[in-house]
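Novice: Before I ask anything, here is the structure I am working with.
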Amino acid sequence: MYKFELMRKASILLTVLLFSYSLGYGQNLSQKIPEDALIVFSINAEQVRQKADMESLMEMEFIQQIEQELSKSDNQALLSAIYSDPQSIGLNAEDGYYYFMQANDSMLYMNFLFGISDKAHFDNFVSQTFLNGITPTQEEKTSYFSTKTLGIRWDEQYALFVGGVPLKKKSIYSQVDYDDPEYDQKIDALREERDTWLSKQWLEHLKASETKKSLMKESANFNNFIDKAPDLGLWGNWKVFQLNLIQGLKEVRELRNIDQVKLFESLNALLGGNYLHMYGNFENGKITLETQQYLSEKLAKLSEGMYDKRPNPEYLKYIDKNNLIGFYSMAIDIEKLVNMTWTIYKPFLESIPEYGPMAHSSMEILGLLLDEQALYNLMKGDLVLSISAMMEVEREYTSYEYDEDFNYTEIKKTKKEAIPEFTALMGIGNKENFEIILRALLRTKILQPTEDGLYYEIRAKELPIAFYLAIQDDIILLTNNTSLLDKKVLKKGLKKKYRLEKERAELMTENAQSLYLDIPRLLTNLEKIEKANSKELTVINKLKEEADNMNLVGVKVEGNKLTSNFELVLQNDKQNSLKILTQLMNFLFHL
């Protein structure tokens with residue numbers, strides 16, 4: 001019960017700090033983040049607070065519900081102070097706050113960092129909210145407190161909360177025979193031993209963090225991230241991938257003997273210096289998310305030129321704007337992608353005992369037998385996938401009924417499913433080699449030519465409706481939309497009045513990767529198919545009123561930096577998107 005209450009209070013603390021009175025965003029606090037942080041999440045609370053329109057926000061029902069949650073606590077007045085006046089409990093009005101992760105062989109640590117302006121006030125807050133009569137440890141001007149759930153250290157400048165998850169977990173119940181006459185006592189003893197160990201881990205971690213170098217002083221890349229000061233930000237180090245991979249391998253019995261040192265050294269040589277930045281901002285009429293991936297020198301060299309291609313503009317002839325729900329497009333150098341992927345996974349393969357060398361040798365021999373260049377050039381590497389409607393189809397499936405002796409009888413049943421009306425377009429690279437594959441598909445009856453020879457029908461029992469494949473001017477057209485299979489349309493494309501407007505056409509054909517989704521049109525199609533109740537229809541209609549579209553533009557290459565930009569565009573371009581979002585949250589809460 002105490003653990004639940006403690007976690008509930010901690011979650012409330014994190015939530016209310018987001019919209020607290022005047023919590024700013026300073027670099028002084030970010031200097032307290034240690035150099036071994038793997039992921040850092042930042043919130044520019046002052047910017048967020050201004051954009052949310054706090055006066056209106058405080059009157060919303062979902063915010064009042066938080067107030068009701070606070071009222072369940074014995075410390076209601078104190079917790080409410082976080083919400084209305086954080087300075088009264090000693091929080092620094094000049095700094096922002098950060099959530100960051102660290103890890104070692106035994107623990108994954110999750111840390112919450114924020115500034116202190118008045119230690120006496122904060123002492124009182126911690127005492128009434130977390131200590132429950134326990135006296136914290138004092139070392140000079142720093143206070144420490146830990147339980148099995150979390151640890152806290154604070155002084156006159158900042159406070160650090162830490163919790164986490166053991167990476168080497170062994171169930172206490174597996175350590176005692178259930179038939180043991182002292183089972184309960186031994187389980188209680190093991191539980192107490194585990195809780196004591198966890199409490200000690202938090203305390204040791206907090207003290208160790210004070211002696212570590214600052215991430216800001218050790219990483220120029222992290223400084224670049226901090227300088228952007230977005231509303232919401234995320235910085236990640238490649239070591240997250242490496243640690244998760246190696247930890248995951250430990251859970252697979254067949255791979256526990258993997259050469260972890262060799263794997264780590266290989267990955268470090270390849271991925272050292274890889275970072276991820278994400279910047280989220282609430283702007284007028286839209287929510288934006290910019291993603292930047294910084295590649296190591298070796299990976300940057302391997303991927304050089306990978307995103308130089310663009311989708312074929314001829315694809316636009318087969319995209320009907322009038323019914324378009326959305327599309328995804330991409331163009332990539334297949335050879336460079338395969339080579340980079342193989343380079344990344346090769347160290348993993350080589351580090352597997354017994355199987356690794358064999359698998360690696362097999363791949364090399366396979367490379368001698370296959371014409372790799374012919375495979376790379378088979379397709380051009382560009383793709384456009386568009387969705388123009390949602391269709392309801394009836395599909396037959398087999399069910400089974402059993403009698404009292406468990407003898408079964410097959411029963412044929414039908415069910416209705418929603419599937420998209422889609423069109424996929426790809427460019428043929430090597431026509432001669434593609435025709436070899438095409439002839440093989442015809443011989444196996446997977447493809448059946450139509451009487452007029454214009455296109456092929458794809459035959460498979462699993463398909464609920466017919467799918468078709470057409471080839472025109474070295475373009476593969478795969479679709480279930482029969483209106484595109486007309487002879488004139490295949491040859492010349494749709495009439496220009498049906499084709500995409502300039503903005504959408506440029507989004508599709510002038511970027512290495514793009515995405516577009518018309519949200520109201522998608523919801524309208526789903527509404528026709530799904531039998532929504534009145535409450536669901538209310539939500540759908542509200543979303544149609546507020547949301548316009550989603551779009552993604554990528555990948556822009558600048559040296560070793562790859563950038564993509566995502567936008568959620570709203571109907572109202574005059575009002576800040578965070579204010580609209582909180583109003584929508586309140587609307588949904590009211591339902």
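The values are calculated or read from the model by the stated rules, or taken from the named source; none is laboratory data. Values in this document were obtained by computation on a predicted structure and should not be read as measured data. Cβ: placed from backbone, ideal geometry, glycine included. Neighbour counts: every protein chain shown.
Novice: Could you tell me which residue of the stretch 93-124 is nearest to the chain's Cα centre (by Cα), considering only residues that are closer than 28 Å to residue 226 by Cβ and at pLDDT below 75?
Specialist: So, considering only residues that are closer than 28 Å to residue 226 by Cβ and at pLDDT below 75, the one nearest to the chain's Cα centre (by Cα) is 96.
Novice: Let me ask something additional. How many residues, within the stretch 160-187, are out of contact with any helix residue (DSSP H, G or I) (no Cβ under 9 Å at 6 or more places or on another chain), free of Cβ contacts under 8 Å to residues at least 12 places away in the same chain and within 23 Å of residue 147 (Cα to Cα)?
Specialist: Here the count works out to 5.
Novice: Within the stretch 579-589, is there a residue that is surrounded by 19 or more Cβ atoms within 10 Å (Cβ to Cβ) and more than 24 Å from residue 537 (Cβ to Cβ)?
Specialist: no
Novice: So for the stretch 63-76 (the condition being at pLDDT below 55, among the charged types (D, E, K, R) and either in the same structural domain as residue 160 (by TED's automatic domain parsing) or touching an Asp or Glu at 6+ places or on another chain (Cβ under 7 Å) (or both)), does at least one residue qualify?
Specialist: yes
Novice: From the list 514, 534, pick out the single residue that is farther than 21 Å from residue 382 by Cα and small (Gly, Ala, Ser).
Specialist: Only one candidate passes the filter, namely 534.
Novice: From the list 398, 423, 409, which one is assigned to a strand (DSSP E or B), at negative phi, surrounded by fewer than 10 Cβ atoms within 10 Å (Cβ to Cβ) and within 37 Å of the chain's Cα centre (by Cα)? Steps first, please.
Specialist: Details: 423 fails: surrounded by fewer than 10 Cβ atoms within 10 Å (Cβ to Cβ); 409 fails: within 37 Å of the chain's Cα centre (by Cα).
Only one candidate qualifies: 398.
Novice: Further question on the same structure: List the number of the failed condition for residue 433; all other conditions in (1) in a strand (DSSP E or B); (2) closer than 30 Å to residue 509 by Cβ; (3) at pLDDT below 90 hold.
Specialist: It fails just one condition, (1).
Novice: With the structure loaded, tell me whether residue 387 is at pLDDT 90 or above and either surrounded by 11 or more Cβ atoms within 10 Å (Cβ to Cβ) or within 30 Å of residue 307 (Cβ to Cβ) (or both) or whether it fails that test.
Specialist: So residue 387 passes the test.
Novice: Please indicate, with yes or no, whether at least one residue in the stretch 524-534 is among the hydroxyl-bearing types (Ser, Thr, Tyr) and in contact (Cβ under 8 Å) with a residue 40 or more places away in the chain.
Specialist: The answer is no; no qualifying residue exists.
Novice: Scanning for something in contact (Cβ under 8 Å) with a residue 60 or more places away in the chain and small (Gly, Ala, Ser), does the stretch 493-510 turn up at least one residue?
Specialist: yes
Novice: Being farther than 13 Å from residue 194 by Cβ and of a type in the set (Ser, Thr, Tyr) is the filter here, so list the residues in the stretch 131-173 that pass it.
Specialist: 135, 137, 142, 143, 144, 146, 158
Novice: While we're looking at this one, here's another question. Filter the stretch 297-335 down to the residues that are surrounded by fewer than 17 Cβ atoms within 10 Å (Cβ to Cβ) and out of contact with any helix residue (DSSP H, G or I) (no Cβ under 9 Å at 6 or more places or on another chain), then identify the one that is nearest to residue 494 (Cα to Cα).
Specialist: That would be 314.
Novice: Could I ask something else about it? Any residue that is in a strand (DSSP E or B), of a type in the set (A, V, I, L, M, F, W, C) and under 34 Å from the mean Cα position of the chain (by Cα) - is there at least one of those in the stretch 443-466? Working first, answer last.
Specialist: Residues of the stretch 443-466 that are in a strand (DSSP E or B), as a first pass: 447-449, 456-458.
From the residues that got through so far, the ones that are of a type in the set (A, V, I, L, M, F, W, C) too are 447, 458.
Filter once more, keeping what is under 34 Å from the mean Cα position of the chain (by Cα): none.
There is no residue in the stretch 443-466 that is in a strand (DSSP E or B), of a type in the set (A, V, I, L, M, F, W, C) and under 34 Å from the mean Cα position of the chain (by Cα).
Novice: Follow-up. When you look at residue 460, is it surrounded by 12 or more Cβ atoms within 10 Å (Cβ to Cβ) and either over 27 Å from residue 488 (Cβ atoms) or at pLDDT below 90 (or both), yes or no?
Specialist: No: the conditions fail for residue 460.
Novice: Can you go through 200, 207 and tell me which one is modelled with pLDDT of 90 or more, over 29 Å from the mean Cα position of the chain (by Cα) and under 20 Å from residue 116 (Cβ atoms)?
Specialist: The match here is 207.
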